[in-house]
1. If I ask for residues that are within 16 Å of the ligand (Cβ to nearest atom) and not in a helix (DSSP H, G or I), which ones from region 223-276 would you list?
2. Can you name every one of the strands (runs of 3 or more DSSP E) wholly within region 459-517 that holds 1 or more residues which are at pLDDT below 95?
3. On the given criteria, is THR202 at pLDDT 95 or above, hydroxyl-bearing (Ser, Thr, Tyr) and in a helix (DSSP H, G or I)?
4. Looking at ARG396 and the list (1) surrounded by fewer than 16 Cβ atoms within 10 Å (Cβ to Cβ); (2) under 23 Å from LEU115 (Cα atoms); (3) free of Cβ contacts under 8 Å to residues at least 60 places away in the same chain, which single condition is not satisfied?
5. What's the total number of residues in region 125-151 that are touching a Pro at 6+ places or on another chain (Cβ under 8 Å), outside any helix (DSSP H, G or I) and either over 11 Å from LEU384 (Cα atoms) or within 16 Å of the ligand (Cβ to nearest atom) (or both)?
6. Counting only residues that are closer than 26 Å to PHE266 by Cβ, touching a strand residue (DSSP E or B) at 6+ places or on another chain (Cβ under 7 Å) and either in a helix (DSSP H, G or I) or not small (Gly, Ala, Ser) (or both), how many does region 106-124 have?
7. All but one of (1) surrounded by 24 or more Cβ atoms within 10 Å (Cβ to Cβ); (2) in contact with a helix residue (DSSP H, G or I) (Cβ under 9 Å, 6 or more places away or on another chain) hold for ILE255, so report the exception by its number.
8. State all residues of region 152-171 that are part of a loop (DSSP other than H, G, I, E, B), surrounded by 24 or more Cβ atoms within 10 Å (Cβ to Cβ) and more than 13 Å from the ligand (Cβ to nearest atom); if no residue qualifies, say none.
Amino acid sequence: MELVEGQTPAERLKRGSLAHEETLETCQHIAEALEAAYAQGIIHRELSQTPGGFLFEVNARRVQERKFMRISPHHTMSMPGATRRFTFLALLLFLSQLSTLPAVATPRPNVVIFLADDQGWGDLSVHGNKNLSTPNIDSLARDGALFDRFFVCRVCAPTRAEFLTGRYYPRTGVRGVSTGQERLNVDEITIAQTFKKAGYRTGAFGKWHNGSQGPYHPNARGFDEYYGFTSGHWGNYFDPMLEHNGKIVRGKGYITDDLTERAMTFIDENKDEPFFCYLPYNTPHSPMQVPDEFFDRVAHRPLEMHNRDPQRENMPHLRAALAMCENIDWNVGRVLKKLDDLELTDNTIVIYFSDNGPNGWRWNGGMKGRKGSIDEGGVRVPFLIRWPGKIKPGLRVEQIAGAVDLLPTLAEFAGIPLIGKKPIDGRSLQPLLLGQAREWEDRNMFHFAGGRTTRGNKKEPLVSVRNQRFRLDAFGNLFDMVTDPGQDRNVAARHPRVAKSMSAAARQFLAELEGSLGPDDRPFPIGFSKSTPLPARDGKAHGDVERSGRAPNCSFFRNWTRKDDKITWDVEVTETAAYQVVIYYACPQADLGSTIELSFKGVTLEGKVTQANDPPLRGAENDRTPDRGGESYVKTFKPMTLGTIRLEAGRGELAIRATDIPGSQVMEVRLLMLNR
Ligand SMILES: [Ca+2]
């Protein structure tokens, strides 16, 4: 063995020239190096203990990405020689590299996520749409990365669930977009829980759409702060009814501006600690309500770009959607400026994407399908991500990716461990975004539609499969998305092996969902949170009672005229307790005086409607397409305290009936609040 004067143990290890007796000395060396690294803040946190040793986060300013080291300074002697030598070598090389750097701990990156609602891939100027201008959103692609093919679900709540969990939504309990089907199972771990556990401050501002009652409520899913509405499809965007951490409040001004304002306050308040800020907007989803200032800009604008089926375009709807996208862009600009003003831009990851394809027929790059479809146009959305100094400006990512990838990607970027026990369907996009040279394996991504009417009247789930080159649609047609992005030519016969393998993948995906696709039998929990809302959306109308609109999410019950009518909720009281019952209602003076009775498991609470509240129906006056018939417009419902009732723990039917109706109706009912 040849020892050269001045050689470091690391150099000697590299040459394989370390003598056995020197290993002890090296161990001592490592222990000292670790101690010094701790003291200097190079290794600033012990992440976890594993059978192989300790996993550390090594914090280095001039090293492009955060590194993890697994090392067992106390147990190295029992490791196999090769492993031991490798571990020593890796650690020593790292420490020798790092010890020359200034020992300043890099703060963990903040995260801001914008999620638009029903904005298609085509609804951005950066994608070539000349019908609108979105300079602020586009700037994220200039200063960061733009994904060519980023996939989400065909509708709202499922995409939110996939983003939150990193898992395909049919696995998570989410079945639909309303009446409780949008709820994310309580045993799923969210990205907010993951970041909160790692010490982040977490806030969500907007359309949650994954459950309204605790423990489904955002405050129970990892968000310290929540402002918005927990269901989908709201009926009014100006001064609407919203909630703030479970308390019902009145929003201020146009909803997108208001949500942004709240998010900016959250960023301000948490500027000195790492924060995770989720902004799930609810536009350009209908109702097509947008401030005049934005609509007027597009009202008479010449439109150059059109849908592949131009005759299907609805101009007032289309122009309103463009205006809403420009309003979002203005709001994104405000947040980016806030980050600049607070000097947080360099240490904040900003993401912009949308939750499904466009909600109308408008230019969408010639793709087939729109919102609701599991063809390319229904599930491909914009995806832009900026992280100055880390992600190269102007980066274009060709590889397919999707909402399921965001949890593993952001956790890796922030250097925090995943805490969920369930397998994640997504994968970290860090190698693609940080230009780390390595093979990127192709994969199948799945798009699902549960219980759609397909062949004849038979309802069965549909799956569409996408890999880098092909899409297999729900009916077994195969499309080469490179040469035929509009899905016009079925090439299954030309590529039988591909078609067969992708069909098998689709069948396998469905087989894995066995047991999680049945009807939703989950009751609405009462008592988990201090206040439990039971909106009309989650209730059932009996007798002559009817919903105010086709879309249940923002609806209320009306036409309650008879004593054998009733309104019920399938609930599970989680804690036996006295609950104060508050009803949000409307009733004109002429119909006052009805006596109503709330009952659960044989216990009743009686009350009388004594105060008139006769507000007008609002929403249509601001809707640019009020005649489409799909909206649930709103009233300013007032709270009325019915009294206090002792509810026994357990599942049952919570019902309200009228025992005396002196007028032509009992009242209109929007919501019950049960306060512990
Ligand atoms: Ca949507």
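1. GLY228, PHE229, THR230, SER231, GLY232, HIS233, TRP234, GLY235, TYR237
2. So the answer is 459-466.
3. Details: at pLDDT 95 or above: yes; hydroxyl-bearing (Ser, Thr, Tyr): yes; in a helix (DSSP H, G or I): no.
When the stated conditions are applied, THR202 does not pass them.
4. (3)
5. The total comes to 1.
6. 10
7. Among (1) surrounded by 24 or more Cβ atoms within 10 Å (Cβ to Cβ); (2) in contact with a helix residue (DSSP H, G or I) (Cβ under 9 Å, 6 or more places away or on another chain), the lone unmet condition for ILE255 is (2).
8. Listed by number, the residues that qualify are GLY166, TYR168.
The values are calculated or read from the model by the stated rules, or taken from the named source; none is laboratory data. What you are looking at is a predicted structure, and each value in this text was computed from that prediction instead of being measured. Backbone-built Cβ (ideal geometry, glycine too); neighbour counts: all protein chains shown.
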